[in-house]
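The values are calculated or read from the model by the stated rules, or taken from the named source; none is laboratory data. Because the structure is predicted, anything quoted here is derived from the model rather than measured. Glycine also receives a Cβ, built like all others from the backbone with ideal geometry; neighbour counts cover every protein chain displayed. Side chains included, ligands, DNA and RNA excluded: accessible areas come from the protein's heavy atoms. Shrake-Rupley method; radii C 1.70, N 1.55, O 1.52, S 1.80 Å.
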Amino acid sequence: MKIYLKQNVWDAALERINWLFDEFENIIADVSGGKDSTVIWNLALMVAEQRGRLPLKTFFIDQEAEWQATIDHIRLVMHDPRVEPIWLQIPIKIFNATSPFTPWLYCWEEGKEWIREKEVNSWKVNRYGTDRFAQLFRAFTIVESPHTSTCHIAGVRCEESPARYLGLTTYETYKGATWGSVIDKARNHVNMYPIYDWSYVDVWKAIHDNHWPYCRLYDYMYQYGVPVRDMRVSNIHHETALTSLYYLQEIEPETWERVTQRLSGINTVGQMQSHFSRPTGLPFMFKDWKEYRNYLLEH
């Protein structure tokens with residue numbers, strides 16, 4: 001059940017971010033290139049500028065197999081003179097849901113031809129004791145800010161899933177606020193999500209009303225007829241992003257060529273599309289499922 005207050009979500013988000021700047025010495029805005037992180041970054045930048053807390057630390061983990069439109073937007077963000085860029089292009093491994101034979105992409109692996117060259121101003125050495133994406137946020141914060149209270153501000157919203165709704169409204173993260181998650185309680189490190197109660201309509205209204213630059217991939221997906229819930233601008237071979245491979249070749253043919261050369265399974269998904277996960281029926285040319293199975297194993 002939703003409870004509507006007199007305060008609108010814009011004012012509530014700014015109030016929360018101001019409170020976080022009061023509470024934490026070190027504020028880091030996490031960006032992915034997506035619409036939610038676009039809003040978070042711009043709001044945090046507004047508050048930091050008003051409070052004399054520039055430059056704003058801005059954090060991005062580059063998974064190598066990214067949309068070019070996403071990288072173009074991240075470059076725009078990271079080159080803003082009000083930003084202290086933390087662009088990680090370090091060796092990590094990302095699950096590849098497109099192939100049972102090469103289940104991992106070893107991002108930025110030495111000796112391999114990368115999908116694109118690294119940025120001049122990126123961080124290139126992994127000294128965090130982990131090569132997994134999900135664990136990297138905690139490891140980075142502990143290594144880089146061991147004695148400083150640190151808050152990562154990110155664009156996570158309840159509307160995205162029931163699990164997120166429960167997680168962001170049930171348990172206390174910091175001083176009565178539920179809209180976050182603990183990184184390391186002893187060191188006072190947290191993730192906080194000030195737009196947790198925004199809808200996607202609120203997000204796009206804020207971007208439109210303030211004329212904020214955003215990732216143009218959303219325009220291409222809209223033109224292609226992609227449902228709002230399926231619009232993902234992050235890495236393209238994760239299990240939650242496979243549908244993007246249906247139209248990657250049309251929207252960004254050069255990215256398609258580079259990714260298919262770097263990673264097996266991409267072309268298979270692109271060709272099979274909705275039939276990649278499982279067939280919906282026995283193809284007419286086979287007499288039974290056993291014959292179909294044997295054909296697949298042989299070919």
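In region 131-201, which chymotrypsin sites (Phe, Trp or Tyr not before Pro) fall in coil by DSSP and have 13 or fewer other Cβ atoms within 10 Å? Please report the intermediate quantities before stating the final value.
Numbers: sites: Phe133, Phe137, Phe140, Tyr165, Tyr171, Tyr174, Trp179, Tyr196, Trp198, Tyr200; in loops: Tyr171, Trp179, Tyr196, Trp198.
Passing sites in region 131-201 are Tyr171.
Dimensions of region 20-154 along the principal axes, based on C-alpha atoms and rounded to the nearest Å, stand at 51, 32, 25, largest first. Over region 186-299, the fraction of Cα-Cα pairs per 5 Å bin, rounded to whole percents and listed from the shortest bin up, is 2, 8, 14, 16, 13, 12, 12, 10, 4, 4, 3, 1, 0. Assuming charge only on the beta carbon of Lys and Arg (+1) and of Asp and Glu (-1), the dipole of the chain about its Cα centre is about 560 debye to the nearest 20.
For Lys93, the lysines whose Cα falls under 26 Å of its own Cα, not counting residues fewer than eight places away in the same chain, are Lys35, Lys57, Lys112, Lys118, Lys124.
Assuming R0 = 51 Å, what is the FRET efficiency of Thr170 and Leu297, from their Cβ-Cβ distance, to the nearest 0.05?
Computed FRET efficiency for Thr170 and Leu297 comes out at 0.60.
Over the chain, the alpha carbon radius of gyration divided by the compact-protein estimate 2.2 N^0.38 Å works out to 1.10.
Given a cut-off of 22 Å, what percent of all Cα-Cα pairs of region 130-220 lie beyond it? Mind showing how you got there, number by number?
Numbers: 1691 of 4095 pairs.
Distances greater than 22 Å cover 41 percent of the Cα pairs.
Asp209 to Ser149: extension gain in nm, 0.36 nm per residue of separation minus the Cα-Cα distance?
On the way: separation 60, 0.36 × 60 = 21.60 nm, distance 3.36 nm.
Here the answer is 18.2 nm.
May I ask you to give the percent of accessible area on the chain that is carbon plus sulfur, with a probe radius of 1.4 Å? Please list the in-between numbers first.
Values: 8560 of 16080 Å².
Roughly 53 percent of what the probe reaches on the chain is carbon or sulfur.
With the whole protein complex present, Trp123 retains an accessible surface near 80 Å², based on a 1.4 Å probe.
Translational diffusion of region 109-176 was estimated from the Stokes-Einstein equation, with Rh taken as the Kirkwood radius over Cα pairs; at 20 °C and 1.002 mPa s the coefficient is 137 µm²/s. Would you mind pulling out the separation of the Cα centroids of region 138-167 and region 241-267, in Å? That distance is 30 Å.
Starting from a Cα-only point model with no solvent, please compute log10 I(q)/I(0) by Debye for region 21-80 at q = 0.29, 0.30 1/Å. Log-scaled intensity ratios, in q order: -1.31, -1.38.
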